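See structure below.
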Amino acid sequence: MSDAAIELAGVNKWFDTFHVLKDINLTVKNGERVVICGPSGSGKSTVVRCINQLEKHQQGTIRVDGVELTDDPKSAASIRSEVGMVFQQFNLFPHLTVLENLTLGPIKARGLSRKDAEEKARKYLDRVHIPDQADKRPVQLSGGQQQRVAIARSLCMEPRVLLFDEPTSALDPEMISEVLDVMVELAQEGMTMVVVTHEMGFARKVADKMIFMDAGEIVEEGHPEHFFTNPQSERCRKFLSQILQH
Amino acid sequence: MKKLFLIVPFLMLAGCSSSQTWGWYVIDPTTQTGWTNVKFLISGMWATIQISLIAAVLSIVLGLMVALPGLSEKRGWRLTNRVYVEFVRAIPLLPMLFWVFYGLPIVFQSMGLNVPIDPFWGAIITLAISDSAFTAEIYRAGIQSIARGQREAAQTIGLNYVQTMRYVILPQAIRRILPPLANQFIYIVKMSAFASVIGMQELTRRANELVVTEYRPLEIYTLLIFEYLILVLIISAGVRWLERRMGADERG
């Protein structure tokens with residue numbers, strides 16, 4: 001087993017004629033926290049979506065746990081069970097209760113018994129600090145609670161890597177910190193994470209590596225200390241000064 | 001309902017202006033012959049219900065099987081769906097009924113198979129196939145109305161295609177699909193009248209046969225219209241009950 005949880009080498013992707021990812025090289029080691037930032041349309045979400053095969057790349061290789069992603073549907077299925085994903089819009093299943101949202105994957109995809117799955121679900125609901133909402137429907141919860149349920153739903157699959165695609169961008173300001181707190185706790189427990197976010201306070205606190213993307217390229221990559229205090233490229237400097245002004 | 005009864009005297013007046021007069025005696029249940037006639041007409045009800053119900057169930061299953069390839073990312077699958085829908089949708093019911101009832105056994109025979117098709121199954125197969133093109137389009141619209149993120153979330157927790165449809169997409173889509181499906185069911189009930197031309201003893205066939213012996217088409221067909229009306233009203237009430245139940249479930 002290699003030390004790298006995720007490896008992208010020379011990845012290119014086009015949406016029709018639009019070159020959305022340009023020669024992306026990125027390694028995420030086991031236990032590492034990588035934060036990707038950049039202006040909208042820079043391709044940062046697409047990188048994350050390629051890693052768990054929600055999008056297909058056209059050139060280059062992506063390896064998860066040393067296994068290369070191919071068109072084979074079996075490889076997609078096995079990768080997805082290793083990689084969890086938290087979406088900007090939560091994407092909870094509105095017709096199911098919170099508990100059913102959490103147990104669906106473990107029961108149907110992992111073949112767990114209902115009892116074991118529910119036990120696990122309650123454990124992770126506890127971990128995201130909403131143990132008493134299990135029987136409610138997602139619409140009855142606040143945005144922050146919904147996103148924490150979504151995180152618990154991913155954790156129930158016990159993934160090796162957790163991907164976050166702008167997890168706080170759809171939240172009201174007062175709910176952002178409750179979600180970030182949970183993410184910081186996960187990071188402290190050693191979860192391997194790739195987070196697309198503009199929350200620079202969070203990035204400073206947990207990131208082992210910062211990535212800045214613009215126009216489909218990785219423009220800058222580095223340790224947060226250097227990244228924030230002494231960015232090398234002009235584009236990165238400008239972006240940081242814009243979002244750190246407030 | 002009241003308005004419908006207003007139409008009846010209007011029709012009576014219309015009858016007076018021609019040389020013919022009304023002769024409701026033919027279906028007057030208080031007389032011996034009238035009651036026999038009414039019983040004869042109503043006895044076709046069970047066949048109409050059976051044909052419509054079985055055809056509707058087959059159409060619902062077949063429609064889903066036709067709709068799913070239409071939602072595929074692969075062009076070949078989508079093309080299969082398009083060809084089926086456009087082709088089947090374009091065939092009028094009556095010629096298709098003739099083709100299935102008279103033609104299909106010959107097709108089977110040329111393949112060395114002996115598959116007799118009686119009026120009952122001939123009517124059901126025709127109605128189911130003809131309706132499935134419409135049902136497929138209803139499914140497609142319903143499934144496409146569910147946000148793409150739902151399918152992606154299902155994939156990321158390891159569900160395969162069938163599981164995603166079964167546990168995530170269809171339970172949400174069904175609430176949007178149900179009202180137009182009920183519409184189609186009503187359509188099937190009415191179109192089942194065509195089964196009369198291949199000799200199926202259902203409501204319309206019974207009416208036709210009685211007209212031939214009694215020479216009272218207006219009265220007999222008026223009763224026939226009310227027979228269909230009652231069937232359709234029962235279906236409407238059933239669907240409304242089902243929708244209320246599902247609506248409550250969604251809020252809960």
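The values are calculated or read from the model by the stated rules, or taken from the named source; none is laboratory data. Only a predicted model underlies this, so the values are computations on that prediction, with no experimental measurement involved. Reconstructed Cβ throughout: ideal geometry from the backbone, glycine too, with neighbour counts over all protein chains shown. Please note that ligands, DNA and RNA were not included when accessible areas were found on the heavy atoms of the full protein model with its side chains. Shrake-Rupley method; radii C 1.70, N 1.55, O 1.52, S 1.80 Å.
Worth a mention:
Here's the yes/no breakdown for (1) touching a His at 6+ places or on another chain (Cβ under 7 Å); (2) open to solvent by less than 20 Å² (accessible area, probe 1.4 Å):
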residue: B:108; (1), (2): no, no
residue: B:136; (1), (2): no, yes
residue: B:141; (1), (2): no, no
residue: B:150; (1), (2): no, yes
residue: B:163; (1), (2): no, no
residue: B:166; (1), (2): no, no
residue: B:169; (1), (2): no, yes
residue: B:172; (1), (2): yes, no
residue: B:178; (1), (2): no, no
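- Of all residues making up region B:144-169, the number that are part of a helix (DSSP H, G or I), more than 20 Å from residue A:48 (Cα to Cα) and more than 7 Å from chain A (Cβ to nearest Cβ): 7
- Selected residue (only one of B:136, B:141 is part of a helix (DSSP H, G or I) and either more than 27 Å from residue B:102 (Cβ to Cβ) or within 14 Å of chain A (Cβ to nearest Cβ) (or both)): B:141
- Count - residues of region A:55-70 that are outside any strand (DSSP E or B), surrounded by fewer than 22 Cβ atoms within 10 Å (Cβ to Cβ) and in contact with a strand residue (DSSP E or B) (Cβ under 9 Å, 6 or more places away or on another chain): 6
- Answer residue from region A:212-246, given it is more than 12 Å from residue A:38 (Cβ to Cβ) and of a type in the set (Gly, Ala, Ser) and is least open to solvent (accessible area, probe 1.4 Å) among those: A:222
- Of the residues contained in region A:237-246, one or more are found to be without any contact (Cβ under 8 Å) to a residue 40 or more places away in the chain, assigned to a helix (DSSP H, G or I) and more than 21 Å from residue A:168 (Cα to Cα).
- Every condition in (1) of a type outside the set (D, E, K, R); (2) open to solvent by less than 30 Å² (accessible area, probe 1.4 Å); (3) more than 9 Å from chain B (Cβ to nearest Cβ); (4) closer than 16 Å to residue B:153 by Cα is met by residue A:146 except one, and the failing one is (2).
- Of all the residues in region B:196-231, those that are among the hydrophobic types (A, V, I, L, M, F, W, C) and open to solvent by less than 30 Å² (accessible area, probe 1.4 Å) number 9.
- Any chance residue A:194 is among the β-branched types (Val, Ile, Thr), within 14 Å of chain B (Cβ to nearest Cβ) and more than 23 Å from residue A:100 (Cβ to Cβ): yes
- Residue A:99 vs. criteria touching a helix residue (DSSP H, G or I) at 6+ places or on another chain (Cβ under 6 Å) and either buried (at least 22 other Cβ atoms within 10 Å of the Cβ) or over 22 Å from residue A:169 (Cβ atoms) (or both): yes
- Test: residue A:102 is hydrophobic (A, V, I, L, M, F, W, C) and in contact with an Asp or Glu (Cβ under 9 Å, 6 or more places away or on another chain): yes
- Pairs with Cβ under 8 Å, 6+ apart, first in region B:15-33 and at pLDDT below 65, second surrounded by 10 or more Cβ atoms within 10 Å (Cβ to Cβ): B:15/B:22; B:15/B:218; B:16/B:22
- Restricting attention to region A:113-142, the residues that are in a helix (DSSP H, G or I), within 14 Å of chain B (Cβ to nearest Cβ) and surrounded by 12 or more Cβ atoms within 10 Å (Cβ to Cβ) add up to 6.
- Within region B:27-59, being open to solvent by less than 10 Å² (accessible area, probe 1.4 Å) and not in a helix (DSSP H, G or I) holds for one residue alone: B:44.
- Residue that is farthest from the other protein chains (Cβ to nearest Cβ) [pool: residues in region A:54-92 that are within 16 Å of residue A:15 (Cβ to Cβ) and touching a helix residue (DSSP H, G or I) at 6+ places or on another chain (Cβ under 7 Å)]: A:57
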